[in-house]
1. At negative phi and in contact with a Phe, Trp or Tyr (Cβ under 7 Å, 6 or more places away or on another chain) - does that describe any residue in region 229-238?
2. Looking only at region 75-83, decide whether some residue is touching a residue at least 60 places away in the same chain (Cβ under 8 Å), among the small types (Gly, Ala, Ser), out of contact with any Pro (no Cβ under 6 Å at 6 or more places or on another chain) and open to solvent by less than 10 Å² (accessible area, probe 1.4 Å).
3. Can you pull out every residue in region 7-30 that is in a loop (DSSP other than H, G, I, E, B) and either more than 23 Å from residue 281 (Cβ to Cβ) or open to solvent by less than 10 Å² (accessible area, probe 1.4 Å) (or both)?
4. List the pairs whose first member sits in region 51-72 and is under 20 Å from residue 41 (Cα atoms), whose second member is open to solvent by 10 Å² or more (accessible area, probe 1.4 Å) and of a type in the set (A, V, I, L, M, F, W, C), and whose Cβ atoms are under 7 Å apart, counting only residues at least 6 apart or on separate chains?
5. Residue 176: touching a Lys or Arg at 6+ places or on another chain (Cβ under 7 Å), closer than 20 Å to residue 30 by Cα and aromatic (Phe, Trp, Tyr), yes or no?
6. Restricting the search to region 184-233, which residues are of a type in the set (A, V, I, L, M), closer than 26 Å to residue 248 by Cβ and not in a helix (DSSP H, G or I)?
7. What's the total number of residues in region 143-179 that are open to solvent by less than 10 Å² (accessible area, probe 1.4 Å), of a type in the set (Val, Ile, Thr) and within 15 Å of the chain's Cα centre (by Cα)?
8. Take the conditions over 25 Å from residue 170 (Cα atoms), among the polar types (S, T, N, Q), open to solvent by less than 70 Å² (accessible area, probe 1.4 Å) and at pLDDT 95 or above and apply them to residue 140. Does it pass?
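The values are calculated or read from the model by the stated rules, or taken from the named source; none is laboratory data. Just so you know, these numbers come straight off a predicted model, no measurement behind them. Neighbour counts are summed over all protein chains in view; Cβ atoms, including those assigned to glycine, are modelled from backbone coordinates with ideal geometry. Heads up: the accessible areas ignore ligands, DNA and RNA and are worked out on the full protein's heavy atoms, side chains in. Shrake-Rupley method; radii C 1.70, N 1.55, O 1.52, S 1.80 Å.
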Amino acid sequence: MKKGLILEGGAMRGMFTAGVTDVMMENGITFDGIVGVSAGAAFGVNYKSGQIGRAIRYNERFCNDKRYCSIRNLFRDGNLYSKDFCYGEVPLVHDPFDFEAFEANPTEFHLVCTDVVTGKPLYHEFTGRDDHEFDWIRASASMPLVSQLVEIEGRKLLDGGITDAIPLQYFESIGYTRNVVILTQHAEYDKKETTAMPFIRLLYRKYPALVQAMEVRHLMYNAQRDYVNRQEAAGKALVIRPDSPLPVSRVEKNPARLREAYNIGRAAAEKRLEDIRNYLS
């Protein structure tokens, strides 16, 4: 029996996920594998490195810093979240990511990107420092319209949430049979087609497969949500989600709201702690 942890994205809604995962780490809950999408990958790496509190700590500290996230960054280098600051200074200088602990932990860490040429999800097992450092994480979290394409090994990549927002089926396909799924949307959420499609068609006109994937993204998401619900009802997945919409925007700059979303995640995990232990045992 392989135990898996699936982490949905959602930009700063990921503070909910960070709250859940910190409580699980504090209580010694381990997994054979983790798969993260977008913010789920960016914050989920801290589970494998064992760095409790790191995600909320640096986001609270830098959410208002123009070097971290700003329109200025978008005009300067095409990334709302700065490539050099978010994936360079923060994890290497200001709040160091523990690569040694990450690489020593036998837990597999997978992430999802979107190949903009094929319009298909690309799954990758991220192994650490020598695996393009933080480029795979950055690719998984590079939101369309506000991020440059990330090129790795000849592939052009963007946000994994475009093509596989909740990769439960992927983890099941590679042998994970006991899965905990952390969602950042409440149970009644129904994704709608983005109103930004005219801009997406214009900006990504050279990548028709990506445009097509974006056109059906809401249908993909809702189908995956329904699958997760069916697996949960059948006892084949344990799902943790907020009870109502989280009090944060995707690019939240209020540290108090980030902390509130984080605390909601902590409360959700503490409420389900015995369920999680029993399910994984």
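1. Scanning region 229-238 turns up at least one residue that is at negative phi and in contact with a Phe, Trp or Tyr (Cβ under 7 Å, 6 or more places away or on another chain).
2. Filtering region 75-83 for residues touching a residue at least 60 places away in the same chain (Cβ under 8 Å) gives 77-81, 83.
With among the small types (Gly, Ala, Ser) added as a condition, the list becomes 78.
Checking the rest, the ones that are also out of contact with any Pro (no Cβ under 6 Å at 6 or more places or on another chain) come to 78.
With open to solvent by less than 10 Å² (accessible area, probe 1.4 Å) added as a condition, the list becomes none.
So far as region 75-83 goes, no, none of its residues is touching a residue at least 60 places away in the same chain (Cβ under 8 Å), among the small types (Gly, Ala, Ser), out of contact with any Pro (no Cβ under 6 Å at 6 or more places or on another chain) and open to solvent by less than 10 Å² (accessible area, probe 1.4 Å).
3. Of all residues in region 7-30, those in a loop (DSSP other than H, G, I, E, B) come to 8-10, 27-30.
Selection gives 8, 9, 10.
4. 52/25; 55/43; 68/86; 69/80; 69/251
5. On the way: touching a Lys or Arg at 6+ places or on another chain (Cβ under 7 Å): yes; closer than 20 Å to residue 30 by Cα: yes; aromatic (Phe, Trp, Tyr): yes.
Considered against the rule, which asks whether it is touching a Lys or Arg at 6+ places or on another chain (Cβ under 7 Å), closer than 20 Å to residue 30 by Cα and aromatic (Phe, Trp, Tyr), residue 176 comes out as yes.
6. Within region 184-233, 187, 196 qualify.
7. 2
8. Numbers: over 25 Å from residue 170 (Cα atoms): no; among the polar types (S, T, N, Q): yes; open to solvent by less than 70 Å² (accessible area, probe 1.4 Å): yes; at pLDDT 95 or above: yes.
So residue 140 fails the test.
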